[in-house]
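The values are calculated or read from the model by the stated rules, or taken from the named source; none is laboratory data. Because the structure is predicted, anything quoted here is derived from the model rather than measured. We place every Cβ from the backbone using ideal geometry, glycine too, and count neighbours over all the protein chains shown.
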Amino acid sequence: MSSASPTSPSPSRSTRARIKSPALLLAESGADLEGHGLRRTMGLFQLVCFGVGAIVGTGIFVGLSDSVAEAGPAVVVSFVLAAVTCIFTAFSFAELGGAIPVSGSSYSFAYATLGERVAFLVGWCLLLEYGVSVSAVAVGWSQYVNELLNSLIGWDLPAALSSGPGDGGVINLPAVVVVMMAATLLVRGIRESAGATAAMAVLKIGILIAFCAIAFTAFEDGHLSPFAPHGMAGVTAGASVAFFSYIGFDAITTAGEEVKNPRRNIPIAIMICIGVVTLLYCAVALGAIGALGADAVGDKPAALSLVVDKVTESSVGGGIIAFGAVVAIASVVLAVMYGQTRILMSMSRDGLIPRVFERVSPKTHTPVANTWIVALVFAVPAAFSSLDVVVNLTTIGTLATMAVVNVAVIALRRRNPELKRSFRVPLYPVSPVLGVGFCLYLMYGTGWTTWVQFSVFLVVGALVYAGYSRSRSRLVSPGAPQDRAAPGPTGG
């Protein structure tokens, strides 16, 4: 790739449309602007564990009850519908992640295809998917910490210290603690974080398999009738809620600069994660409802522990499930915070947000300041909000970014047909078009109140871009770091 100069536009960028080419994105990912690059230390197994770690957590351990309350036993269909949405979008992520293996994920894909303004709004929406969901997941972690303490010693944390004001408490301290624990591990280095995530992913898959083995011993066909008490509307609403359980699989693409052989490993890891998680979720939902009935499961947030307690007639099994949930949800906080810091680092490199987010420690090769800022900012809603307040907004923001990713695949095929792709979306262009359609369908299921909140959120993002980011963009600013000769692509 020819290098750019400050006096002449680079052939790898379009300043009029403010589109950054894949070649430039790959060149810039070779080293951090401060001269301390990210290390490629994650293999395929670690990447799969990282993906599972980012997905399996609050959605199934805590949110299952909300999905069942909407759909009844037909929640299994809701999980499949949410999975189908994810599969179509996963195809698009796999193609883009293999073609442009950088740390910006959806943000970088939009920058390379749809332009800077859309990319900024995608990055803005990713604050919901990654940042706000950290808060939501941390709140769910707090609920299972209480369940575990109750099982072990028959004691709960005081409500004033384990719930936000919306749930009858004052401050949710456990939620704050898990966010700070994750930040501490992340700043130590990706090798340590990936190792911890892998161990936790294996443990929680084992816990969920053990749950299914126990629940199916008490399975009763009668608990599945009526199958869809609220009709298709209930299934759709249940799918919108269940989609929260899948949020995080795209975090795999945020590790593009720290993965060995990313063009091969990223697409494979995405497909493995979606397949494993879908099978687990359907089995867990079917087992829980078959053992206890939809009404009982829909009534209790920590439903999995309740099922095991009822089936085994002992609190020991429920305690083990609670322990698994504590570990599982902690690993989600870790993986999702990781994704958020890498998105912000990419946006900072482009000048769209302050430079503090792009700085990488020469000692740990991690964005230390970035990580602590994310932890402190999102610990606040974790401390004072309830889970219900943030789940729908997180879901609609995630679905919006996924719709953009499906569009980006089509745009990149047209703009850069010659680009090397280690994976291609099957049934193109039908698959990405269906991906957009399913995303919009589930967005509809979140309800009009969520749409109003999301619209306000987007307007604020557009104002931030117009008032701050557009004039500071390094894509078109003379003498900006990206205007110097860029290093060649590394890895992949």
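Here are a few things to note about the model shown:
- Qualifying positions in the range 332-351 - in contact (Cβ under 8 Å) with a residue 40 or more places away in the chain and touching a Lys or Arg at 6+ places or on another chain (Cβ under 7 Å): Asp350, Gly351
- Residue within the range 323-334 that is within 18 Å of the chain's Cα centre (by Cα) and either at pLDDT below 75 or among the hydroxyl-bearing types (Ser, Thr, Tyr) (or both) present: yes
- Test: residue in the range 180-189 that is surrounded by 15 or more Cβ atoms within 10 Å (Cβ to Cβ), touching a Leu at 6+ places or on another chain (Cβ under 9 Å), at pLDDT below 85 and in a helix (DSSP H, G or I): yes
Table: residues versus (1) more than 27 Å from Arg470 (Cβ to Cβ); (2) of a type outside the set (S, T, N, Q); (3) crowded, with 24+ Cβ neighbours inside 10 Å; (4) touching a helix residue (DSSP H, G or I) at 6+ places or on another chain (Cβ under 8 Å).
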{"site": "Thr113", "(1), (2), (3), (4)": "no, no, yes, yes"}
{"site": "Arg117", "(1), (2), (3), (4)": "no, yes, no, yes"}
{"site": "Ala136", "(1), (2), (3), (4)": "yes, yes, yes, yes"}
{"site": "Leu149", "(1), (2), (3), (4)": "yes, yes, no, no"}
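- Among (1) modelled with pLDDT under 80; (2) surrounded by 24 or more Cβ atoms within 10 Å (Cβ to Cβ); (3) of a type in the set (D, E, K, R) - the single one Lys204 does not satisfy: (1)
- Residue match in the range 460-470 (condition: charged (D, E, K, R), surrounded by 14 or more Cβ atoms within 10 Å (Cβ to Cβ) and modelled with pLDDT of 80 or more): yes
- Residue within the range 33-51 that is modelled with pLDDT under 80, closer than 24 Å to Arg349 by Cα and in contact with a Pro (Cβ under 7 Å, 6 or more places away or on another chain) present: yes
- The lone exception for Ser314 - which of (1) over 23 Å from the mean Cα position of the chain (by Cα); (2) touching a residue at least 12 places away in the same chain (Cβ under 8 Å) it fails: (2)
- Single residue of Phe227, Phe244 found to be aromatic (Phe, Trp, Tyr) and assigned to a helix (DSSP H, G or I): Phe244
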